[in-house]
Amino acid sequence: MTHGDVVSISNTYLLPAIVERYGLEGASCIEPVPAHEGGRNVFYRCSMEGDNDRMIRIAYLPDRNREDLLGEIEYIRYLVDHGANVADVLPAQDGSLLVEMDHDGHTYYVCLFKKARGILLVDNQYRYRKGAPLSEYFYNTGKTLGKIHQLSKQFAPDHPRSDFSDRFNLEYIDSLLPDSLSVVKRKMGDLLTALAGLDKSAANYGMVHFDYSDGNYTIDFETGDITVFDFDNACFCWYLYDLATLWTHGVGWVQFEPDANKRRDFMKSYFDTILEGYVSETPLDPEMLDRLPLFIDVTIMENIVDACEVMRREGGSLACDEELSYLIRCLEEDIPYEGFFDPIYSSEEPFTAEPRDL
């Protein structure tokens, strides 16, 4: 079943029932949100009076069951109840936070979210709020994440989410990746071996967002406050993974700079500011921080695995474009920091390499 199939089914069969179940009859407009590449859910924006817009999410893939989704909801409500800037889950008319719907032998899971306050950075053409330094934004991204991680250290769920190792293990990776990527499989095995020796105490390991980037939080351009959403990938993992994700997304600010030393200087300043915000909310083990290059490689592993999953899910043959080829080369050749300071990197064509066959 494709994303388009679900939108068609939702428009015809599901939305009328969703409107009734959630009491959304007063909405001035309910329209589908364009899907991003590899998207796992169907979203509708529900325009309400005042500052009360809602987001409807319809989960339809079989890799999420009811218990998984209840775990996500429990985590979100816990964060909201303890003061984190997170978009809340809203109940249906009967108080249900997760609504299950069946149509033509297929089960759909529906959640309603309060729309996050503010807008995406991309919707403001990556310009930060007028009169405020960009460093404020970097600090706030770290501070917001630090608050979430600090709360996670006391989180004891009734509906636990999956663990990092449920998806990232040798057996699954070997079955997913084609034999043509044998070197990548071996390198991923090395990463998993290195991770196995790391501390998994509550101070370093717990529930993480697992996709903490500017596509999954909004900014209030009056105050600079950040509101986080999309906990669909949340799982138990090392907290440093979320910080490594922030590092990899920060390269966009300087990706067209041809001087590798200037790129390095910027990234140090950028990440130091993020860490300053982060540790204002929660401690960070210096020994874990030394593993940042390892976790940047783990984010590359996740991107490769995700790309292969999307291709398998969509039923097409596996293909390797320029971006995926670049990530594969970084792993195969042990190039650290996503190649950002290496001769492999081109500021004219960032993060691309010659496409290869799989």
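Where a number appears in this text, it was derived from the coordinates with a stated rule and is not lab data. In this text the structure is predicted, and so the values were computed from the model without any measurement. Note: ideal-geometry Cβ built from the backbone for every residue, glycine included; neighbour counts use all protein chains shown.
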Inset, instruction - Could you tell me whether the chain comes out rounded, prolate or oblate from its Cα gyration tensor? Rule is a ≥ b ≥ c as square roots of the eigenvalues, rounded for a/c under 1.5, then prolate if a/b exceeds b/c, otherwise oblate. - result: prolate
Legend entry - Ranked W253, W247, criterion: other C-beta atoms within 10 Å, fewest first: W253, W247
Legend entry - Contour excess over end-to-end distance, with Cα ends at M101 and I73 and 0.36 nm allotted per residue: 8.4 nm
Legend entry - Degrees between helix 182-196 axis and first principal axis of the chain (Cα, 0 to 90, nearest 10): 80
Inset, instruction - Sort out for me the Cα centre separation of the stretch 31-75 from the stretch 285-358, rounded to whole Å. - result: 28
Legend entry - Angle in degrees between helix 134-152 and the longest Cα principal axis of the chain, rounded to the nearest 10: 70
Legend entry - With Cα atoms, 0 to 90° folded angle of helix 292-313 axis to the chain main axis: 50
Inset, instruction - Can you put E222, E302, E72 in order of Cβ neighbours within 10 angstrom, beginning with the fewest? - result: E222, E302, E72
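When you count, for each residue, the other Cβ atoms within 10 Å and take the mean per peptide, how do 100-108, 117-125, 332-340 rank with the highest first?
Going from most to least packed, we get 332-340, 117-125, 100-108.
Using a/c under 1.5 as the rounded threshold, could you call the stretch 1-52 rounded, prolate or oblate? The axes a ≥ b ≥ c are square roots of the C-alpha gyration tensor eigenvalues, and prolate needs a/b larger than b/c, oblate otherwise.
Oblate shape, in that a/c is at least 1.5 and b/c is the bigger or equal ratio.
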Legend entry - Of K114/K268; K130/K268; K114/K143; K153/K185; K115/K143; K130/K262, those spanning more than 30 Å from alpha-carbon to alpha-carbon: K114/K268; K153/K185
Inset, instruction - Can you put L90, L240 in order of Cβ neighbours within 10 angstrom, beginning with the fewest? - result: L90, L240
